[in-house]
1. Output wanted: per-residue J couplings in Hz (rounded whole) for the range 113-118, from phi through Karplus 6.51 cos²θ - 1.76 cosθ + 1.60, θ = phi - 60°, x for Gly and Pro.
2. With n ≥ 4 as the cut-off for DSSP H runs, can you work out [θ] at 222 nm for the chain, using -39500 (n - 2.57) per run divided by the number of residues, rounded to the nearest 500?
3. If you plug each phi of the range 97-103 into the Karplus form 6.51 cos²θ - 1.76 cosθ + 1.60 with θ = phi - 60°, what whole-Hz ³J(HN,Hα) values come out, in order, with x for Gly and Pro?
4. Of all GluC sites (Glu not before Pro) in the range 15-61, which ones are in loop regions per DSSP and have a Cβ with at most 16 other Cβ atoms within 10 Å?
5. Using Cβ contacts closer than 10 Å as the measure, can you line up 67, 19 from fewest to most?
6. Dipole size in debye (nearest 20) for the chain around its Cα centre, Lys and Arg Cβ +1, Asp and Glu Cβ -1?
7. List the relative contact order of the chain as a percent without decimals, with contacts defined as Cα pairs under 8 Å and 6+ residues apart.
8. If each residue's Cβ is checked for other Cβ atoms within 10 Å, how do 36, 14, 47 rank with the fewest at the top?
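What follows is calculated from the coordinates using simple rules that are stated; it is not laboratory data. In this text, all values refer to a predicted model and were calculated from it rather than measured experimentally. With ideal geometry, Cβ positions are generated from the backbone for all residues, glycine too; neighbour counts draw on all protein chains shown.
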Amino acid sequence: MAYVYDDQNVFAKILRGEIPCNKVLETEHSLAFADITPQAPVHLLVIPKGPYVCYAHFAEEASDEEIVDFTRTVGEVCRDAGVVEPGYRLISNARQHGHQEVPHLHVHVLGGRALGPMLHPAG
Ligand code: AMP
């Protein structure tokens, strides 16, 4: 599949330092920062620094080094945020049906309260 990356998306601008973010962790290949509209007491975003649209794109084209870095960063963010116990949720929305608003791969790390069932009934 051919993925087209739009480098004017808001997370690309954060990565270029054009707009600020509330950074919680940065590694060679990944960045974690607070979501600007938190939906839970803990609501952080983890993004790869590379230009990947969604998880499938990342899995297909990222290097092993980027994938390991990103995966370990998500885990470290969960640990640092103190949500490993009693629990957390990871969400990565993709494309139209996934209701993705920012077309740069991101994993939402949500926690700090009981989060309820995974999905609302389809509306
Ligand atoms: P998604 O619907 O999965 O694409 O979610 C995009 C997320 O990015 C939303 O939860 C927004 O609140 C968040 N967001 C948008 N702009 C910013 C920003 N400048 N800094 C931090 N989070 C943002």
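1. 7, 5, 9, x, x, 5
2. Here the helix-only value at 222 nm equals -7500 deg cm²/dmol.
3. 5, x, 6, 6, 9, 10, x
4. 18, 28
5. 19, 67
6. 500 debye
7. 29 percent
8. The fewest-first ordering by Cβ neighbours comes to 36, 14, 47.
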